[in-house]
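The values are calculated or read from the model by the stated rules, or taken from the named source; none is laboratory data. From a predicted model like this one, the values you see are computed outputs, not experimental measurements. For neighbour counting, all protein chains shown are included, and Cβ atoms are generated from backbone atoms with ideal geometry for every residue, glycine included. All accessible areas refer to the heavy atoms of the entire protein, side chains included, with ligands and DNA or RNA removed. Shrake-Rupley method; radii C 1.70, N 1.55, O 1.52, S 1.80 Å.
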Amino acid sequence: MPISTPTRSLRSRLLVAAAAAVALALPTASVLAQAAYPNKPIRLIVPFPPGGGTDMIARTVAQKLADQNKWNVIVDNRPGAGGNLGVDATAKSAADGYTLVMGQTSNLAINPSLYAKLPYDPIKDLAPVALVSSSPIVMAAPANSRFKTFADVVAASKGKPDALTLGYSGNGTVAHLAGELAENAAGIQLRHIPYKGAAQAMTDLVGGQIDLYMSSVPTLLGQVRNGKLKILAITSAKRSSQLPDVPTLAEQGYKGFEAVTWFGILAPAGTPAPIVAQLNKAINQALQQADVVDKLKSEGGDVLGGTSEQFSALLRTEVPRWAKIVKDSGASLD
């Protein structure tokens, strides 16, 4: 069954979300002062192993929050089950602002359709605080690979199912589904190799144990810059400022193709509105700092930010949008 490809960009959907969001009254200074928040360490859970794109983004923001506010922000990696374990740990934590999670498209918008028995509801069990950044997905190959573009991959795969291997971190992730979308659009079939995290995948890709790898830009940039990997295609609507020579899949003949992953910080549902507002303000201030902007851009990301209401509205549109993609792909983990 053909997989429908989204045609409206993430920024367009954010504008729609912003228009639809209902503005809430900000808490007064006296309420925030009475809350005396924070007066102990804040734990930011990263639901993936250290070293990946989500981890790098989380640590950048956590460090700036600590520096500019004199807060103690501890990054806690809780990998497993496609990011579900870390998100679930946050959803079941006390709603006091001291446990947060760096969520992303995979574990918030995709997994509700991928898992028949997801232990949390991303809309009911979590309180969106602020969007942080977005990043396209790229298809990478070893630097010495015979492939230079996605067209080369298609030519080598036509009529030869499973002749080439395609790795990605976790079944049902944006990278996995972006690969499914690309295969479907090109009419080819690759042999999928799911990994638990980026570290082993990078070792295997650089060493030639797998032919191709789908991942967010931040995960791969270091290996691209040191000459060990090359990028064949990018899934965003426009080229990346960090990879200006890499054509998008849309440019390579797949009109309207777009699959990006976004990252945002959430708290358990029921977290007091004054605390959510304080965190949102601090995160937006961090995202406006030149060093943070440069860091996220250098890793291939686009800074987002915005209100918690905008994040909430985006989440409500992304869940059904990715549900259709999951259904059309036939992907399931239960």
Checklist outcome for this item: Flagged in segment 160-190 as open to solvent by less than 20 Å² (accessible area, probe 1.4 Å) and charged (D, E, K, R), in numbering order, are Glu183
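Confirm whether Ala140 is crowded, with 23+ Cβ neighbours inside 10 Å, under 19 Å from the mean Cα position of the chain (by Cα) and not acidic (Asp, Glu).
Working: crowded, with 23+ Cβ neighbours inside 10 Å: yes; under 19 Å from the mean Cα position of the chain (by Cα): yes; not acidic (Asp, Glu): yes.
For Ala140, the condition - crowded, with 23+ Cβ neighbours inside 10 Å, under 19 Å from the mean Cα position of the chain (by Cα) and not acidic (Asp, Glu) - is met.
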Item to check | Search result, residues across segment 200-209 that are touching a residue at least 60 places away in the same chain (Cβ under 8 Å) and closer than 11 Å to Ala140 by Cβ | outcome: Leu205, Val206
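Quick one: in segment 23-38, which of the residues that are assigned to a loop (DSSP other than H, G, I, E, B) and modelled with pLDDT under 95 is most open to solvent (accessible area, probe 1.4 Å)?
Ranking the candidates gives Leu26 first.
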Checklist entry - Among the candidates Leu212, Leu232, Leu221, which residue alone is touching a residue at least 60 places away in the same chain (Cβ under 8 Å), buried (at least 19 other Cβ atoms within 10 Å of the Cβ), more than 27 Å from Lys92 (Cα to Cα) and in contact with a Lys or Arg (Cβ under 9 Å, 6 or more places away or on another chain)? => result Leu232
Checklist entry - Is at least one residue of segment 60-81 in contact with a strand residue (DSSP E or B) (Cβ under 7 Å, 6 or more places away or on another chain) and among the charged types (D, E, K, R)? => result yes
Checklist entry - How many residues, within segment 66-116, are under 28 Å from Ala290 (Cα atoms) and surrounded by fewer than 24 Cβ atoms within 10 Å (Cβ to Cβ)? => result 15
Item to check | Sole residue being within 30 Å of Lys238 (Cβ to Cβ) and small (Gly, Ala, Ser), chosen from Ala141, Ala81 | outcome: Ala141
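One line per residue, one yes/no per condition, for (1) in a strand (DSSP E or B); (2) closer than 17 Å to Leu314 by Cβ:
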residue	(1), (2)
Ile231	yes, no
Asp245	no, no
Ala250	no, no
Phe257	no, no
Ala267	yes, yes
Checklist entry - Looking only at residues in segment 269-279 that are of a type in the set (Gly, Ala, Ser) and part of a loop (DSSP other than H, G, I, E, B), which one is most open to solvent (accessible area, probe 1.4 Å)? => result Gly270
Checklist outcome for this item: Pairing a residue in segment 56-85 that is over 16 Å from Asn280 (Cβ atoms) and touching a residue at least 24 places away in the same chain (Cβ under 8 Å) with any residue that is in a helix (DSSP H, G or I) and open to solvent by 40 Å² or more (accessible area, probe 1.4 Å), where Cβ atoms lie under 6 Å and the two sit 6 or more apart in sequence or on different chains, gives Thr60/Lys295; Val75/Arg59; Arg78/Leu85
Checklist outcome for this item: Log entry, pairs with first residue in segment 290-309 being closer than 15 Å to Gln68 by Cβ, second being open to solvent by less than 10 Å² (accessible area, probe 1.4 Å) and in a loop (DSSP other than H, G, I, E, B), beta carbons closer than 9 Å, six or more apart or on different chains, reads Lys295/Gly301
Item to check | Output for segment 79-98, where each listed residue is modelled with pLDDT of 95 or more and over 18 Å from Val129 (Cα atoms) | outcome: Leu85
Checklist outcome for this item: So, first residue without any contact (Cβ under 8 Å) to a residue 60 or more places away in the chain in segment 137-166, second residue of a type in the set (Gly, Ala, Ser) and surrounded by fewer than 19 Cβ atoms within 10 Å (Cβ to Cβ), Cβ within less than 6 Å, six or more apart or across chains; the pairs are Ser157/Ala163
